Amino acid sequence: MKLNFSIIFLVSTILFILIIFFIGLKTNNVYDTKNQIGKKVSSFELISIKDKKTFNENDLKENNFTLINFWASWCLPCVQENSFLLELKNDYNLKILGISYKDKKKNTLKFLNQYGNPYYFISSDSLGKLSIDFGIYGVPESILVDKNLNILKKFIGPLGKEDILEILKIIN
């Protein structure tokens, strides 16, 4: 009787493992944030790293379009991207909301002084919690939103010339 129970237990365990394995094979485990396009920005509140002013989703409604840029001073691709962000700000007057990701205030300010500040509001996500709400899983990443808080486009990685042209096509 003990042998029958052991065999039944062993077979049941093997079947259970096989079922979980095959279910896992059919599940898409790729973290993809493209499904956010077309959705609305959820509520949030940011605090400026410069003067402690607050900023929330309602402030985005004041601009026809806003580019939300998650970046960090320790991120080398963010250095590359900064000149393109400055171009968007200076040449095309696009409002860019900067969120410093898992960075120290002094390093953030040093970066902006050294490379230029493309942001009309700069805040910090020092713990990385806000980035989760926006579907961010690395830096740099940018999200283009309209005044109705619709997410129009998400850019993963540093912005380049082709991305600038795509942004201009969307906002014009």
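The values are calculated or read from the model by the stated rules, or taken from the named source; none is laboratory data. Everything numeric in this text was worked out from a predicted model, so none of it was measured. Reconstructed Cβ throughout: ideal geometry from the backbone, glycine too, with neighbour counts over all protein chains shown.
I'd like to know if the range 54-64 contains one or more residues that are surrounded by 15 or more Cβ atoms within 10 Å (Cβ to Cβ), among the acidic types (Asp, Glu), within 20 Å of Gly160 (Cβ to Cβ) and in contact (Cβ under 8 Å) with a residue 60 or more places away in the chain.
no
Identify the single condition in (1) within 18 Å of Asp59 (Cβ to Cβ); (2) in contact with a Ser or Thr (Cβ under 9 Å, 6 or more places away or on another chain); (3) assigned to a strand (DSSP E or B) that Ile151 does not satisfy, given that it satisfies every other one.
Here Ile151 meets the rest and fails (2).
Scanning the range 76-123 for residues that are among the charged types (D, E, K, R), exposed (fewer than 15 other Cβ atoms within 10 Å of the Cβ) and over 20 Å from the mean Cα position of the chain (by Cα), which turns out modelled with the lowest pLDDT?
Residue satisfying both the conditions and the ranking: Asp91.
Conditions: (1) hydrophobic (A, V, I, L, M, F, W, C); (2) out of contact with any Leu (no Cβ under 9 Å at 6 or more places or on another chain); (3) modelled with pLDDT of 75 or more. Phe5 meets all but one. Number of the miss?
Among (1) hydrophobic (A, V, I, L, M, F, W, C); (2) out of contact with any Leu (no Cβ under 9 Å at 6 or more places or on another chain); (3) modelled with pLDDT of 75 or more, the lone unmet condition for Phe5 is (3).
Hey, does the range 126-139 have a residue that's farther than 17 Å from Ser43 by Cα, buried (at least 20 other Cβ atoms within 10 Å of the Cβ) and either modelled with pLDDT under 95 or touching a strand residue (DSSP E or B) at 6+ places or on another chain (Cβ under 8 Å) (or both)?
yes
Test Gly24 against the criterion of being among the small types (Gly, Ala, Ser), modelled with pLDDT under 85 and more than 16 Å from Lys154 (Cβ to Cβ), and give yes or no.
Against the criterion (among the small types (Gly, Ala, Ser), modelled with pLDDT under 85 and more than 16 Å from Lys154 (Cβ to Cβ)), Gly24 qualifies.
Need a quick list: strands (runs of 3 or more DSSP E) entirely within the range 12-112 having at least 3 residues that are within 24 Å of Gly138 (Cβ to Cβ).
Qualifying strands (runs of 3 or more DSSP E): 45-47, 65-71, 95-101.
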